[in-house]
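Data first, discussion second: the structure below is written as structure tokens.
The values are calculated or read from the model by the stated rules, or taken from the named source; none is laboratory data. Everything quoted here is computed from the prediction, not taken from an experiment. Cβ placement follows ideal geometry from the backbone for every residue including glycine, while neighbour counts extend to all protein chains displayed.
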Amino acid sequence: MFATADVTTALKGKFPQVSDRPSSDLPAFNVPVGEVLAVLGYLRDEGGFDMLVDLTAIDWAEGASPRFTVVYHLLATTRGAYVRIATNCPSDAEPAVPSAVGLWPGANWHERECFDMFGITFAGHPDLRRILMWDGYPYHPLRKEFPLAGIETVLPDVEVAAETKAKVIAAPMAGGPFVASVGEMNLTDAEPRAKDESWNERKEKPE
């Protein structure tokens, strides 16, 4: 097992196509998508990075090439060392990377959330489906083109629609960015409020 201080030497010696990624907090590397599982497995087995702490994505916005980058944060629990791995999705229209569930079972929900929010497919995932939004929801809320105020969408569940007294909602979270008042006041009054509350200005008239 190589030491944390040797992670750059060890990784680049094993995988010459790996490159340094700018980072102000921990060792970070760019990895070609075709090698990402091999690199992750090597870091787990030879580097002691036994825990996948987080898996997320970056949408660099429409027109960027590549548009989507998947990011993995790994932890070596025995010595408290972290490393960051990033890989670019080769296709902007149908972004996809290999699933890491075979390395860390906990990647299951991380990848489902990434699929739900960004529309990135994880090839080989055992059960890739939405985890926050409902099946059939037509958008990916963390993509750059998705508006902060949400998009009014028909609710698929009759019971949910009845409870909210609405047939449509600005899902997944209307409003934003959110701000909180400061100073001495009742904590309820200090709850964050959306700057954009235009979605809430139209009150549905009783039928």
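In the set (1) free of Cβ contacts under 8 Å to residues at least 40 places away in the same chain; (2) within 12 Å of the chain's Cα centre (by Cα); (3) in a helix (DSSP H, G or I), Pro141 fails one condition alone, (3). Only one entry in Val36, Val83, Val71 is farther than 18 Å from Thr121 by Cα, buried (at least 16 other Cβ atoms within 10 Å of the Cβ), in the same structural domain as Phe118 (by TED's automatic domain parsing) and among the aliphatic types (A, V, I, L, M), namely Val83.
Of the residues screened, Phe2 is one that is in contact with an Asp or Glu (Cβ under 8 Å, 6 or more places away or on another chain), more than 26 Å from Arg143 (Cα to Cα), touching a residue at least 40 places away in the same chain (Cβ under 8 Å) and surrounded by 14 or more Cβ atoms within 10 Å (Cβ to Cβ). Checking the range 92-113 against the condition returns no match, with no residue being within 24 Å of Glu62 (Cα to Cα), modelled with pLDDT under 95, charged (D, E, K, R) and in a strand (DSSP E or B). Applying the set (1) part of a helix (DSSP H, G or I); (2) in contact with a helix residue (DSSP H, G or I) (Cβ under 9 Å, 6 or more places away or on another chain) to Phe29 leaves exactly one unmet item: (1). Of the residues making up the range 49-64, at least one is of a type in the set (A, V, I, L, M, F, W, C) and in contact with a Lys or Arg (Cβ under 8 Å, 6 or more places away or on another chain). Inspect the range 49-71 for any residue being at pLDDT 95 or above, part of a loop (DSSP other than H, G, I, E, B) and farther than 23 Å from Gly119 by Cβ and give the result as yes or no. Yes, the range 49-71 has at least one match.
Out of the residues in the range 144-179 that are in a helix (DSSP H, G or I), at pLDDT 60 or above and among the aliphatic types (A, V, I, L, M), which is surrounded by the most Cβ atoms within 10 Å (Cβ to Cβ)? The selected residue is Ala162. Tallying residues that are of a type in the set (Asp, Glu) and assigned to a loop (DSSP other than H, G, I, E, B) within the range 114-138 yields 2. Can we say Val83 is more than 23 Å from Ala5 (Cβ to Cβ) and either in contact with a Phe, Trp or Tyr (Cβ under 7 Å, 6 or more places away or on another chain) or in contact (Cβ under 8 Å) with a residue 40 or more places away in the chain (or both)? No, not satisfied.
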